[in-house]
Amino acid sequence: MNKLGIVGAGAVGAAAALASCVRSVASDIVLVDRNHARAKGVATDLRYGTPLSPAVDVRAGNFADLAGAGVVVITAGLNEKDGGATDRNDPLGRLRLLHANVGVFEEIVPQIVEAAPMAVIMVVTNPPEPLVDLTCRLAGHTRVLSTSTLLDTLRFRVHIAERFNVSPQSVEAYVISEHGTYSVFCWSSVRVGGKPLAQLVAERRIAFDEFRASVEHDVRFANISIIEGIGASQYGIGMVVARVAESILRDERAVLPVGSYQPNYGVTLSLPSVVGRNGVESVIWPHLSEDEQSGMDASAKRLKGIVAEYVADAAAA
């Protein structure tokens, strides 16, 4: 099914649509937004540029127009700036947006499933991991994933590459667990040009603790710095959405760090995953140091507690 649906035509949805046109991810892209005029405006603007891209039809529609989509992306909901999630000292971070966005998902997910019951659903709205858990419940299936730490991973690679003056494509590194305050940086397995980072740092007499703190600071707060500059973190995540959708629609089975429900933890976590036609086909569990495993466990425990709190609140309502 070479059709892509995007629900939410705001900054991120529009950027995802643009990146999908440029990458020729799908031949049919449908934008759905509660503000239909906005969806129509974005689609019309893109249509005028599509003669420069491989054949693609971009249009605004309603939920019924998602019928036949192989992937439906959800970018709708309260963003970090409007939701007050831009305080660098706030331990909740993106999780502060959960309660507001639960209501949005409860409204739109059933409509997506009714129109496109076989589609893989990609959650981009923050916080993505708890919203994947919610979406699985609402959709009645587990063909649900989130972009989660793929963007964090790319930022990680960019900042390491910058410090060694190499291309980010020459850096192998992953951020896992969650797209949030408790994300885990897999330092023990970082390689630059195939060489373990530990060896490279030792050879160049780099103070590793300072190096690590500096990189993690830049990655963790990249989104806030972007928001302070342009109002929304949109272009990088738009490119990430297009790449994940491409892997699904083309059944590439590319390994990408995305979020999906992990039964052994009882919650959604972001891990290197084989992404194909059905979403996450399998997970490739990374080798972790003791500290990294502890960080993963702490992240999972916190996320599970937040999801349990939501379930309890929903039952009491």
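Using a Gaussian network model of the chain in which every pair of alpha carbons under 10 angstrom is joined by a spring, one finds that among Asp152, Asp251, Asp133 the greatest mean-square fluctuation is at Asp251. Ordered by the count of other Cβ atoms within 10 Å of each Cβ, fewest first, Ile230, Ile121 give Ile230, Ile121.
Among Ile6, Ile206, a tally of other beta-carbon atoms within 10 Å of each Cβ gives an order, fewest to most, of Ile206, Ile6. Computed over the chain, the per-residue total of -39500 (n - 2.57) for DSSP H runs of n ≥ 4 gives a 222 nm mean residue ellipticity of -14500 deg cm²/dmol, rounded to 500. Treating r as the C-beta distance of Leu52 and Ser167 and R0 as 35 Å, the FRET efficiency rounds to 0.85. In a Gaussian network model over the chain where Cα atoms closer than 10 Å are linked, find which of Ala64, Ala26, Ala300 has the largest mean-square fluctuation. Fluctuation is largest for Ala64. Largest GNM mean-square fluctuation among Thr142, Thr125, Thr44, using the chain with Cα springs under 10 Å: Thr44. When the alpha carbon gyration tensor of the stretch 135-274 is reduced to an equivalent ellipsoid, the three semi-axes, largest first, read 28, 17, 15 Å. Candidates Ile237, Phe208, Asn2 compared by Cα position along the dipole of the chain: farthest toward the positive end lies Asn2, with charges placed on Cβ. Diffusion of the chain by Stokes-Einstein, at 25 °C in a medium of 0.890 mPa s and with Rh set to the Kirkwood radius over alpha-carbon pairs, works out to 124 µm²/s. Normalised by residue number, the volume inside the convex hull of the Cα atoms of the stretch 3-148 is 101 Å³ per residue. Counting 0.36 nm for each residue step from Ala308 to Leu200 and taking away their Cα separation leaves a gain of 34.6 nm. Simple point charges give the picture: +1 on the Cβ of Lys and Arg, -1 on the Cβ of Asp and Glu, and for the stretch 3-148 a dipole about the Cα centre of about 240 debye.
Here Ile160, Ile227 are placed in order of increasing Cβ neighbour count within 10 Å, fewest first, which gives Ile227, Ile160.
For the stretch 146-170, backbone nitrogen atoms closer than 18 Å to the point 7 Å from Ser289 Cα along Cα-to-C-beta are found at 156-157, 160-161. Ranking Thr50, Leu18, Gln111 by Cα position along the charge dipole of the stretch 3-148, where only Lys, Arg, Asp and Glu carry charges on their C-beta atoms, puts Thr50 farthest toward the positive end. Charge dipole (Cα centre; +1 on Lys/Arg Cβ, -1 on Asp/Glu Cβ; no other charges) of the chain amounts to roughly 600 debye.
FYI, it's all coordinate maths here, none of it is from the lab. From a predicted model like this one, the values you see are computed outputs, not experimental measurements. Cβ: placed from backbone, ideal geometry, glycine included. Neighbour counts: every protein chain shown.
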